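Novice: Dropping the structure in here first, questions after.
The values are calculated or read from the model by the stated rules, or taken from the named source; none is laboratory data. Quick caveat, the model's predicted, so the values are computed rather than measured. Positions of Cβ are backbone-derived with ideal geometry, glycine not excepted, and every protein chain shown enters the neighbour counts.
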């Protein structure tokens, strides 16, 4: 049972993040906004460092990846092609009163008395119902006059006790009953003549003014009454007065458009641990429906269907949409990748775990486009098979999707290791884990997907996913946009001509089957799917194909949180008087640490020392984030930098000035993690630091 | 008349941007989305360089500015406090048919025949109007029976010729007329008795079934008819048949909820150059109304008023909202600044000029917080006054808002100069201009605002605004959030005690007046404003105040466009055969150029040369964006890099390998702008380049 301890750790981390300006709650002065977090001065630097390292690792230091920076709002068709409009949803149930939604699988069980109603009518219609005049048996008759009676009854004040459920009793008897009631209760005249002429009417003897006006108003009345025929239930915890249930029900029906609602058909039931009621309002939830997680807005001067747009829920799709443009303008050939970082938005129902699952977050995504295995086979003779676990080395021409996938899994882990998140840390704790999704967990188009998991204080959770997505994405955009997403591969075309017929037939058939599988899975009608797949197979023989893709997709914010959690450590020291003090040391890897070096004059009031410290500061800050501090004792200054996660502190002292001539123009460098100090010539300082922070 | 030439230049720039992967239209394969642009591989690098330079200039290289990275979606109260919910709007006119909006000040003049209608009724109501039964003179009478008649008339098919405008003629006469018409035209019985009993009713003789049902249906009818009482006009260009105007009008009224509309009160007028009609639909526009430019969405599981949120229209407000958090966690004291870059969104009605005015864009904003002048005066004895134009030098303790404002204007221009956008370029052309907003152009709270303008191909337009915004922003957030935005200034408190009473009274009074002016301007009721201003003045004496702010606010995308436009140049060369070729050279400043250096082996098929070139490439790319190219003749490779804006190209040749022993391990560096070449030892290369690109 390590949970309580872990919660304490998360609390400490959240508190440290606020105290030192790593992370603040967004809009805090207005009570915050759930699922949104801001990065303060240190957090912003940390995040910049992480993104910059990812970008340079992915693009600048590679020959085969280029960058892209697309907009957050894109044409909505993109999200139809990607499937997000139709399927990017959680199953949700809604409280029909407050419109609040809960995840269908996360409703808290509740007990009490359920008050149920079959519906409600407005006062101006209830008598029609009471009299059974809206019974379908009489739908063919002109009913205006009976309504007229009914309305009269209302204004003459029939006692409440007469109102109940929808009557199915004999209509004629009811009419008589009410007319008599009217006479005896209010003394107002409702002559037998009137009742008789009504009955004449009902029996088909006719009435002088039948016609379309009757039907028009009749339909208005029916519509208004049908509107109220909505079942509603609310759960009362035992002991609460029934009237409070009725109040809620009336509130619901009023909101629903029933003026002065009279409740119909009340019944009650005792329930234990029901998961059908909203935990706050107590109202029975709607059936589970998919609730799309994309934030919606309207672009342009018209707020209509035409203008609907979404905040991107992932950065990946822009890469697919711009694939052809990048291919044509960047001198790249498949295999190559397009990298992008940027904000994405998901209207998470329950944002949680600090910045781990938030509604606005940043992604770092690479789409690495590769040849289909059939093309590799034609060009290289055969497709290489993975030789066990570990990094498969430098890419080769005979790599199919499996080796490329393995390659990217290992490359990404190498990246994490390079910023201080190894598979296993110094203490032997498992920090990173690979989780290979099981076949039944994969999307239909995915060949494989590996999640890189990190041991967060609240549990082991996904840091990055590396998916082999086949040619699904580009194929979808080709189908939805009508623009070709295929590439022409000269090598393939040449190699194809050298195959013997049996091989040609074999490869063709396999490619045909793969394309056919995709086309039928996405719902293309069989005959067309076969025709298209045949064309695709013929295209392959001419050197054409739609690239497949490997997608390493990482979340910046959860990586920041992983780095913060991993860096967090406490140091307890006891002074001479036996008084012990615990302080925080943030052991960030120097490559990601927000501040790289602190520069301190030993004493604030020695101008030569101060001048020299400032000179060093001025020269270092042009190359890296440096911090000058002359406030308080050196120990205090070290402690402040430890808490900020600064890996190195440089102190200028009397020796620097030559008090000990051997140490002239040297400084002390103090290491954050073990407090170790060493002496270094000023001239070597920048190089020494650069070697460690790059 | 330089416009045509300038349009040509913009076309060339847009084309180059797409061709070389600087800027693509967002979602291009889906036909694009207006006002959104993506940055391709070179554009993304260019943009990163600009942002990185801004960030390091503003934060890393300064002691008095720290960074922030806040969310795009924040609590909606922020936009109430800032005034964006109420006033961030363009005046717009809407086409009532298509709901398309146009800027009120940008309607194209049009001429033709205007067809006007006073309204329309549905077929099922028009006879009521015809008969004058809805005339206000008879509003008090129970009219059900007349409707009944009217509906009967309808079904019996009264000829079209009787329909016209709303009649004001005598009702009784009309009823008689229609009844007679009915008799003679259709042969159906409408007995004189019926007409008589109706007239009896109108004359007050009573009717047996008056009552609430009448009134209910009567009101339904009146509501339906009033709904159609909406004037509508459409402009036809001369020669078009009137029926096409009627068709549009009927379409409008149908959309408006009038079933089978009969148009009422048609009239026509000839118009010249009217600005009242929508340029596409021809429909008369609504009155101008403010149209908020913020994109709206809903956060959380409820799509209701509670969940409304906006995409930030500027990054500035997050800085104000987090001011206190940053102040408390960063060890800064006023004067200091908070810098932020990030996306912002404005639903521009007419995005235009390529990326200059787009709907999704990026900002680089600094909020620099300063002491109110009254505090400076108390602390420093007096407030320094600006000594003419130009940079006022390093900040001093006696600077008030004017000098700080001037300082930031000059700092920002220095920044632009540092990336190749000087006030005046080599050719003597004025590139940057300062525009001091006139007092009547300023917002009520602004003390001054300077726009830095750049000479774009489409005109001289704003690149950045530097506003002195008084203490308006923090004061607003204090009022709206109820959280103090004030700071405590020890220096001020100490200095105050040393003032004589007259001075105290004088400063107090001035501060009181300034605060009172703010409070009354934002609508605080006079008595409360006086009370609050008095408290603020008393606070000042205790060292408390709300900081004032200077805001240099720059747009990344328009700066990129300025850099691209400024870099764009064409080089025409003529070969031996007299054939001339024009190619593009992008003369980016080395600090912003996407690729810093191209590295070429002279020949692709000499392994030693290739190996050496690759070695140099491998070493340089760890420090800067480098590009290796071995394709085609050296001239072609230079040309490709010229078009990408790469300032330097390095060629490895036989001399590098020692063919000429004196040149062993040297390379040729070729300068983009003048084609000049020089020889440099490989060992010096990195340093040589670093000195130029930093």
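Novice: When you check residue A:99 against the structure, is it within 9 Å of chain B (Cβ to nearest Cβ) and crowded, with 23+ Cβ neighbours inside 10 Å, yes or no? First the steps, then the outcome.
Specialist: On the way: within 9 Å of chain B (Cβ to nearest Cβ): yes; crowded, with 23+ Cβ neighbours inside 10 Å: no.
Spelling it out, it is not the case that residue A:99 is within 9 Å of chain B (Cβ to nearest Cβ) and crowded, with 23+ Cβ neighbours inside 10 Å.
Novice: Would you confirm, using the coordinates I've provided, whether residue A:506 is in contact with a helix residue (DSSP H, G or I) (Cβ under 9 Å, 6 or more places away or on another chain) and either buried (at least 20 other Cβ atoms within 10 Å of the Cβ) or modelled with pLDDT of 95 or more (or both)?
Specialist: Details: in contact with a helix residue (DSSP H, G or I) (Cβ under 9 Å, 6 or more places away or on another chain): no; either buried (at least 20 other Cβ atoms within 10 Å of the Cβ) or modelled with pLDDT of 95 or more (or both): yes.
The answer is no for residue A:506.
Novice: While we're on this one: Which of (1) buried (at least 22 other Cβ atoms within 10 Å of the Cβ); (2) more than 9 Å from every other protein chain (Cβ to nearest Cβ); (3) in a loop (DSSP other than H, G, I, E, B) does residue A:121 not meet, given it meets every other one?
Specialist: (3)
Novice: Quick one: would you say residue B:392 is surrounded by 18 or more Cβ atoms within 10 Å (Cβ to Cβ), assigned to a loop (DSSP other than H, G, I, E, B) and more than 14 Å from every other protein chain (Cβ to nearest Cβ)?
Specialist: On the way: surrounded by 18 or more Cβ atoms within 10 Å (Cβ to Cβ): yes; assigned to a loop (DSSP other than H, G, I, E, B): yes; more than 14 Å from every other protein chain (Cβ to nearest Cβ): yes.
Yes.
Novice: Continuing with this model, one more query. Quick check on my filter: what residues within the range B:643-675 are free of Cβ contacts under 8 Å to residues at least 40 places away in the same chain and closer than 18 Å to residue B:630 by Cα? Step through it out loud before you land on a result.
Specialist: Taking the range B:643-675 first, the residues free of Cβ contacts under 8 Å to residues at least 40 places away in the same chain are B:655, B:658-666, B:668-671, B:674-675.
Selection gives B:655, B:668, B:669, B:670.
Novice: With (1) under 30 Å from residue A:565 (Cβ atoms); (2) within 44 Å of the chain's Cα centre (by Cα) as the list, and residue A:632 as the residue in question, which single condition is left unmet?
Specialist: (2)
Novice: Of the residues B:468, B:448, which single one is away from chain A (no Cβ under 14 Å), within 30 Å of residue B:378 (Cβ to Cβ), surrounded by fewer than 22 Cβ atoms within 10 Å (Cβ to Cβ) and at pLDDT 95 or above? Explain how you work it out, then say what you get.
Specialist: On the way: B:468 fails: surrounded by fewer than 22 Cβ atoms within 10 Å (Cβ to Cβ).
Only one candidate passes the filter, namely B:448.
Novice: Output the strands (runs of 3 or more DSSP E) that fall wholly within the range A:427-503 and possess 1 or more residues being out of contact with any strand residue (DSSP E or B) (no Cβ under 8 Å at 6 or more places or on another chain), or say none.
Specialist: A:448-456, A:459-468
Novice: For the range A:260-280, name all the residues that are part of a strand (DSSP E or B), under 32 Å from the mean Cα position of the chain (by Cα) and surrounded by 12 or more Cβ atoms within 10 Å (Cβ to Cβ).
Specialist: Once the filter is applied, which keeps residues that are part of a strand (DSSP E or B), under 32 Å from the mean Cα position of the chain (by Cα) and surrounded by 12 or more Cβ atoms within 10 Å (Cβ to Cβ), the range A:260-280 yields A:274, A:277.
Novice: Counting just the residues of the range A:662-679 that are outside any loop (DSSP other than H, G, I, E, B) and under 18 Å from residue A:610 (Cα atoms), which one comes out farthest from the chain's Cα centre (by Cα)?
Specialist: Restricting attention to the range A:662-679, the residues satisfying the condition of being outside any loop (DSSP other than H, G, I, E, B) are A:662-663, A:666-671, A:677-679.
After this cut, where a residue has to be under 18 Å from residue A:610 (Cα atoms) as well, the list is A:663, A:666-669.
Working: A:663: 57, A:666: 52, A:667: 49, A:668: 48, A:669: 44 Å.
Restricting to residues being outside any loop (DSSP other than H, G, I, E, B) and under 18 Å from residue A:610 (Cα atoms), the top hit is A:663.
Novice: Give the range A:396-415 a look and list any residue that's surrounded by 14 or more Cβ atoms within 10 Å (Cβ to Cβ) and either over 21 Å from residue A:552 (Cβ atoms) or touching a helix residue (DSSP H, G or I) at 6+ places or on another chain (Cβ under 8 Å) (or both), or say none. Working first, answer last.
Specialist: Our first condition is that a residue be surrounded by 14 or more Cβ atoms within 10 Å (Cβ to Cβ); within the range A:396-415, this holds for A:398-413, A:415.
A:398, A:399, A:400, A:401, A:415, listed by residue number.
Novice: Sticking with this one: Of the residues B:615, B:659, which single one is farther than 28 Å from residue B:16 by Cα, in a helix (DSSP H, G or I) and out of contact with any helix residue (DSSP H, G or I) (no Cβ under 7 Å at 6 or more places or on another chain)? Quick ask: steps written out before the conclusion?
Specialist: Numbers: B:659 fails: in a helix (DSSP H, G or I).
Going through B:615, B:659 in turn, the sole match is B:615.
Novice: Given the condition at pLDDT below 95 and more than 41 Å from the chain's Cα centre (by Cα), answer yes or no: does some residue in the range B:549-571 qualify? Steps first, please.
Specialist: Taking the range B:549-571 as the starting set, the residues that turn out to be at pLDDT below 95 are B:571.
The next check asks that each one be more than 41 Å from the chain's Cα centre (by Cα); those that pass are none.
No.
Novice: Filter the range A:14-36 for residues that are buried (at least 23 other Cβ atoms within 10 Å of the Cβ), more than 20 Å from residue B:367 (Cα to Cα) and more than 7 Å from chain B (Cβ to nearest Cβ) and give the result.
Specialist: Our first condition is that a residue be buried (at least 23 other Cβ atoms within 10 Å of the Cβ); within the range A:14-36, this holds for A:17, A:21-24, A:26-27, A:29, A:33, A:35-36.
Checking which are more than 20 Å from residue B:367 (Cα to Cα) leaves us with A:17, A:33, A:35-36.
A:17, A:35, listed by residue number.
Novice: Could you list all residues from the range A:70-91 that are crowded, with 22+ Cβ neighbours inside 10 Å and either without any contact (Cβ under 8 Å) to a residue 24 or more places away in the chain or within 8 Å of another protein chain (Cβ to nearest Cβ) (or both)?
Specialist: Across the range A:70-91, the qualifying residues are A:70, A:71, A:72, A:73, A:74, A:75, A:78.
Novice: Sticking with this structure for a sec: Being surrounded by 12 or more Cβ atoms within 10 Å (Cβ to Cβ) and in contact with a helix residue (DSSP H, G or I) (Cβ under 8 Å, 6 or more places away or on another chain) is the filter; apply it to the range B:237-259 and report the residue that is farthest from residue A:304 (Cα to Cα). Give the steps one after another, and end with the answer.
Specialist: Step one: filter the range B:237-259 for residues surrounded by 12 or more Cβ atoms within 10 Å (Cβ to Cβ), giving B:240, B:242, B:244-256, B:258-259.
Filter once more, so that each one left must be in contact with a helix residue (DSSP H, G or I) (Cβ under 8 Å, 6 or more places away or on another chain): B:256, B:258.
Values: B:256: 15, B:258: 20 Å.
Only one residue tops the list, namely B:258.
Novice: Out of the residues in the range A:44-53 that are more than 7 Å from every other protein chain (Cβ to nearest Cβ) and out of contact with any helix residue (DSSP H, G or I) (no Cβ under 7 Å at 6 or more places or on another chain), state the one that is surrounded by the fewest Cβ atoms within 10 Å (Cβ to Cβ).
Specialist: Per the criteria, the residue is A:52.
Novice: Hey, does the range B:557-568 have a residue that's within 25 Å of residue B:23 (Cα to Cα), outside any strand (DSSP E or B) and within 14 Å of another protein chain (Cβ to nearest Cβ)?
Specialist: Our first condition is that a residue be within 25 Å of residue B:23 (Cα to Cα); within the range B:557-568, this holds for B:557-568.
Then drop every residue that is not outside any strand (DSSP E or B), which leaves B:557-567.
Okay, now just the ones that are also within 14 Å of another protein chain (Cβ to nearest Cβ), so B:557, B:560.
Looking for residues that are within 25 Å of residue B:23 (Cα to Cα), outside any strand (DSSP E or B) and within 14 Å of another protein chain (Cβ to nearest Cβ), one finds at least one in the range B:557-568, hence yes.
Novice: Hey, another quick one. Considering only residues of the range B:349-382 that are surrounded by fewer than 17 Cβ atoms within 10 Å (Cβ to Cβ) and touching a strand residue (DSSP E or B) at 6+ places or on another chain (Cβ under 9 Å), which is nearest to residue B:92 (Cα to Cα)?
Specialist: B:350
Novice: Taking the residues in the range B:300-344 that are assigned to a strand (DSSP E or B) and closer than 21 Å to residue B:56 by Cβ as candidates, determine which candidate is nearest to the other protein chains (Cβ to nearest Cβ). Let's see the steps before the verdict.
Specialist: Just the residues of the range B:300-344 that are assigned to a strand (DSSP E or B), to begin with: B:308-311, B:336-344.
Then drop every residue that is not closer than 21 Å to residue B:56 by Cβ, which leaves B:336-343.
Details: B:336: 11, B:337: 11, B:338: 8, B:339: 9, B:340: 8, B:341: 10, B:342: 8, B:343: 6 Å.
Only one residue tops the list, namely B:343.
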